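Some notes on the structure that comes next.
The values are calculated or read from the model by the stated rules, or taken from the named source; none is laboratory data. Note that this is a predicted model, so its numbers are computed, not measured. Quick reminder, even Gly has a Cβ in these numbers, built from the backbone with ideal geometry, and neighbours come from all protein chains shown. Surface accessibility is based on the protein's heavy atoms, side chains included, excluding ligands, DNA and RNA. Shrake-Rupley method; radii C 1.70, N 1.55, O 1.52, S 1.80 Å.
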Amino acid sequence: MTFDWGFVYSLLPKFGAALGVTVQATLAGMVLALILGLIWAIARRSKNRALAIAVGFLVEFIRSTPLLVQLYFLFYVLPLWGPSLTPLETGILALGLHYSAYTAEVYRAGINGVPRAQWEAALALNLGRTVTWKSVILPQAVVPILPALGNYLVALFKETPLLSAITLLELLHTAKLIGADTFRYLEPLTLVGVFFLALSLIASTLIRKLENACDRFRQG
Amino acid sequence: MIDYLPALASGLKITLMLTLGAMGVACAAAVTAGLARHSSQAMVRALAWAYVELFRGTSALVQLFWVYFALPLVGIRFDAITAGILVLGLNSGAYGAEVVRGALAAVPREQYQAARALNLSSKQTLLTVILPQAAIAMVPPAGNLAIELLKNTALVSLITLGDLTFQAQTLRAATLQSGAVFAWLLAIYFLLAQLMRFGFRRLELRLAHGRDYGGIS
Amino acid sequence: MTDSAKDSHPLIRLARVSKAYGAQKVIDGMDLDIWPSQKVALIGPSGSGKSTLLRLLMTIEKIDGGAIEIGGVSMWTQTEGGREVPAGEAHLKTIRSRIGMVFQAFNLFPHMTVEKNITLAPVTVLGLEPKEARRRAVELLGEVGLDHKKDAYPAQLSGGEKQRVAIARALALRPEILLFDEITSALDPERVGEVLEVLRRLANRQDITMLLVTHQMHFAREVADRVVFMEHGKVVEDGRPEQIFEHPKQDRTRQFLTNVLNY
């Protein structure tokens, strides 16, 4: 059996739609991860010790268990309690939740990197908690960690094939279905691999550029 | 829960086998590729770079499917467990290679110079002077990678290998008690991860004990 | 309230205040009264607790024992239903609204323009209209001689300019009490003068009470109308600048002044 380029071209339209689903899951998942991670990071600094410890445990728990199992949990168990979500929504929720445990750590490092003196200046100006976080601390915390967040965006993107396990028609699932239909796995699966490799390489180049830009910002 | 035990126990065995086997592959791949990235031969460096980028640039599940479903079509056939150990190990090893490369680069230049002054060969220098020192810096990130590896073993359930996750899926279908089954499953993975974290922390403490460069601090 | 009643309690009162970091007592049962519009220089050897005192007054640090009152109002306690309870954030905010602080390392917000640094607090704390806040920011920048720098970022300013912006930022909240924590220590010597000049003008204002920690005695002498010499977290000597600098009563004060002035 040889690699059939004609077959590859005939597959492209199907993969176009699947790529759309993958991109949608990636972006929505990342937005959720960015928001939840920030909430975890701030809650872990709470004066309420119980809350801080509970959130710390939650983050550690999410980080130490497989995304696939979390995905199953949300897919099979969530509908028993409440609203049933579409596979795409479940996938976005799982990706966002899972990666929020990683972004929380990144935010934490960023927040710890803001000098104490900035908190003190905010206090001396009587800025409230919200203004201090929103206007003083976070803008300074986030810029240096943009490259790290970018790396997790790429990592999240690479985990979207897992959503095939809950029947979502993203790239990998599409490839598998084509394979089952045509008994040709080599071309579709290779194509998926090339997609991911190409997009990952482009993304890491962009992140390296971002890293340099962030370094310049810090020196300025 | 009692009813679940036999199935989960057999799944646990597969999961542990996969984790340990893949950790072995990962270590070998990481050290080889990590050293190769420092090689004086451009060809060797390029190969190591290609390996690292290939495995880090595509996802573990895609790699697993490719090896298990696509490779047989060109005549290369692995059983599920071999495919699992190989792919998860090589995937983790690609991340590990970066750890090794970074740790080697972090050993002070003076250590190479001191070894040169003692007339050690480059192989002796590497094995007796550089690697033991770099090992300390490798342990914490290696611990994180090991936990990522453990989590990745769940993927093999998608190539029909009877690991923990696969057994849990079977149980769920049989008992329809999705909540209980997956809650137990999450708890077991969490516990395994904590055990690994503990183990790596012990290792780190042991390696770090009594080390300094004997220079001016 | 009549003037005499207002004057019957000091603007700042410290009673048996103590503060320790671990086993180290930094402020040790300190008493001090400061009256409205006084310009007080705090001097003393490093580690004598001067800066800690300012940080306690700014509520950056909490006292371990004793009491601080601002205008007769207890800082760390409030009465609730007839009982004394620990001060809540709202109470502290009210207290803090009367106090401003300028730091040794400026502590400007590096990601904001000079103007935004100054307007942030008036807009969010005092609820000023942004337009009005900007107008006042320009006015304050004029007072410190930097009206042309309103769109600059802190990184584009010299140390002396940064410190003058920091002073304008503190003034924007119209505090009654201004705390200056070694504000010229981080400056190049030739930049000290411009900051000192701003301070001198502030010292003439009756509506502001100033506490300044400094290691530069000429500074204390020029700006202050009262000098407090501290050591080991206590007041050793307290008097008018001429008296402290020319006729110190305590041996320890004399010794300290001889050391720093001969240096």
Report summary line: Rounded to a whole %, the carbon-and-sulfur portion of the accessible area of the protein assembly as shown at a 1.4 Å probe is 60 percent
Report task. Counting helices only, and only those DSSP H runs with n ≥ 4, report the 222 nm mean residue ellipticity of chain A as the sum of -39,500 (n - 2.57) divided by its residues, in deg cm²/dmol to the nearest 500. Result -> -26000 deg cm²/dmol
Query - Ratio Rg/Rh, restricted to the range B:2-211 and using Cα atoms, in which Rh is the Kirkwood radius - result: 1.06
Query raised in the report: For the range B:59-140, which trypsin sites (Lys or Arg not before Pro) are in a loop by DSSP, counting at most 16 other Cβ atoms within 10 Å?
Result: B:Arg77
Query raised in the report: With a 1.4 Å probe, how much accessible area is buried between chains B and A, both sides summed, in Å² to the nearest hundred?
Result: 3300 Å²
Report summary line: So, relative contact order of chain A in percent, Cα under 8 Å, 6 or more apart, is 28 percent
Report summary line: Relative contact order as a percentage, chain C, C-alpha pairs under 8 Å and 6+ apart, gives 25 percent
**Report entry** Kirkwood Rh in Å, taken over all unlike Cα pairs in the range A:1-71
**Finding:** 15.6 Å
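Are there DSSP H segments in chain A that both extend 20 Å or more along their axis (alpha-carbon positions) and score a mean Kyte-Doolittle hydropathy of at least -0.5? List them, or say none.
Taking the DSSP H segments of chain A (at least 20 Å long, mean hydropathy at least -0.5), we get A:5-43, A:49-64, A:87-112, A:138-159, A:186-219.
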Report task. Skip the ligands, DNA and RNA, and give the accessible area per residue of chain C with a 1.4 Å probe, whole Å². Result -> 46 Å²
Requested in this report: Taking the Cα centre of the range A:19-169 as origin, work out the dipole magnitude from +1 charges on Lys and Arg Cβ and -1 charges on Asp and Glu Cβ, in debye rounded to 20.
Outcome: 500 debye
Query raised in the report: Rounded to the nearest 20 Debye, what is the dipole magnitude of the protein assembly as shown about its Cα centre when Lys and Arg each give +1 and Asp and Glu each give -1 at the C-beta?
Result: 680 debye
Report summary line: Rounded to a whole number, the mean other protein chain Cβ count within 10 angstrom for residues of A:181-193 is 4
Report summary line: With a ≥ b ≥ c from the Cα gyration tensor eigenvalues, square-rooted, and the rule rounded for a/c under 1.5, otherwise prolate when a/b > b/c and oblate otherwise, the range A:19-169 is prolate
Query - Shielding by partners, peptide A:150-159 (average Cβ within 10 angstrom, other chains) - result: 2
Requested in this report: Tell me what chain C gives for mean residue ellipticity at 222 nm when only DSSP H runs of n ≥ 4 count, each as -39,500 (n - 2.57), the sum divided by the residue total, rounded to 500 deg cm²/dmol.
Outcome: -11000 deg cm²/dmol
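Taking each residue of B:48-56 in turn, how many C-beta atoms of other protein chains fall within 10 Å of its C-beta, and what is the average?
Rounded to a whole number, the mean comes out at 2.
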Query raised in the report: How about the range A:53-80: which of its residues lose at least 30 Å² of accessible area in the presence of all protein chains relative to their chain isolated, using a 1.4 Å probe?
Result: A:Glu60, A:Phe61, A:Arg63, A:Ser64, A:Thr65, A:Pro66, A:Leu68, A:Val69, A:Tyr72, A:Phe73, A:Tyr76, A:Val77
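For n ≥ 4 DSSP H runs only, could you compute -39500 (n - 2.57) per run for chain B, divide by its residues and tell me the 222 nm figure to the nearest 500?
Only helices count here, giving -24500 deg cm²/dmol.
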Query - Shape call, chain C: gyration tensor on alpha carbons, a/c limit 1.5 - result: oblate
Report summary line: For the range B:121-217, the per residue accessible area (1.4 Å probe, Å²) is 53 Å²
Query raised in the report: Using the Kyte-Doolittle scale, which helices in chain B average at least -0.5 and also have C-alpha atoms spread 30 Å or more along the helix axis, with helices defined as whole DSSP H runs?
Result: B:5-36, B:80-106, B:178-208
Report summary line: In chain C, whole DSSP H helices that both stretch 15 Å or further along their axis by alpha carbon positions and average at least -1.0 on the Kyte-Doolittle scale are C:114-124, C:159-171, C:189-203, C:251-262
Query raised in the report: Taking H as built 1.01 Å from N, whose amide H comes closer than 5 Å to the amide H of C:Lys39, not counting residues under 5 places away?
Result: C:Met210, C:Asp225, C:Arg226
Report summary line: Most fluctuating of B:Ala174, B:Ala22, B:Ala97 in the GNM of chain B (C-alpha, under 10 Å) is B:Ala174
